[in-house]
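The values are calculated or read from the model by the stated rules, or taken from the named source; none is laboratory data. None of these values were measured; they are calculated from a predicted model. Cβ: placed from backbone, ideal geometry, glycine included. Neighbour counts: every protein chain shown. We work out accessible area using only protein heavy atoms, side chains counted, and drop any ligands, DNA or RNA first. Shrake-Rupley method; radii C 1.70, N 1.55, O 1.52, S 1.80 Å.
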Amino acid sequence: EEVAEARKRLDAFAKKVVADERRNAEKLLADAKAAEASGANLVQQAGKWVAAREAAAKFPDLFEQCKAGAEAINRKIEEQKHKTTADAWQSASESATAAKVKYDYDAARTALQDFLRIHVEAPQKADAEALLGKVNADAQARLKAVQDAAAAPEIPAAMNELNRYSREVKDSAAAAEVNTLKQSLEDKATALAETELNKAREKAKKYDYAEA
């Protein structure tokens, strides 16, 4: 009789535990639904649905609702991620293209590199890398053109081209090369002036003042 009574008490306790667990699961399910209805942050909603799903593991009728709710929120989160990435790519590509047209290669690179750094696994990664390659190729072409101009024998014309490049082009990657070209032209101009001055001095020594 005592054993039967003990079992009865244990059964009652077990039933109470199950009932309490079900009430908790129902409360968490209600909280998840309320969060969704209120338009709460999707990550917060997902957290509530996961908590409800875990609490409802022993109750198939509740578990299926929680599972469906969690999956629906996860889909919304993924959709939001894709939209955010797509919007970011549109902004980055438009900014980079506009900067490239203005020969602002620094701004173009920054827009694309920031996108690639923030959106590491973006579906548009290959497009961003391709556009970055075009920006770098265009920058190299502009630099090559001014290098060729600087190699011309007419120093004033070459210096004009370098100065125009410096005014129009923003490319920190080429800054050192451009400065080197300018210094080289200035050195050539100085050497040429020295040569002409020495010639004048030699003529002066011969009392050829008229020519000097």
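When shorter helices are ignored and each DSSP H run of at least 4 residues is given -39500 (n - 2.57), the per-residue value for the chain at 222 nm works out to -30000 deg cm²/dmol. With a threshold of 27 Å on the Cα-Cα distance, the over-threshold entries among Lys58/Lys81; Lys16/Lys67; Lys16/Lys76; Lys102/Lys188 are Lys58/Lys81; Lys16/Lys76; Lys102/Lys188. Sites listed here are GluC sites (Glu not before Pro) in segment 55-122 whose DSSP assignment is loop and whose Cβ has at most 16 other Cβ atoms within 10 Å: Glu121.
Under 14 Å Cα to Cα from Lys15, which aspartates and glutamates show up? Leave out anything in the same chain fewer than 8 places away. The qualifying aspartates and glutamates are none; the list is empty. Once both labels are positioned 7 Å from their Cα atoms along Cα-to-Cβ, the gap between Val3 and Ile118 label points is 7.2 nm.
A straight line joining the Cα centroids of segment 81-106 and segment 123-194 runs 25 Å. Dipole orientation for the chain: of the candidates Gly47, Leu185, Leu162, Gly47 has the Cα lying most toward the positive pole (charges on Cβ; Lys, Arg +1; Asp, Glu -1). Along the chain, the longest continuous region that contains none of the chymotrypsin sites (Phe, Trp or Tyr not before Pro) in a DSSP loop with at most 14 other C-beta atoms within 10 Å is 1-206.
Taking one equal scatterer on every alpha-carbon of the chain, how large is log10 of I(q)/I(0) by Debye at q = 0.09, 0.11, 0.18 1/Å? Debye output, listed in q order: -0.67, -0.78, -1.14.
The accessible-area ordering, largest first, of the residues His82, His119 stands as His82, His119, per a 1.4 angstrom probe.
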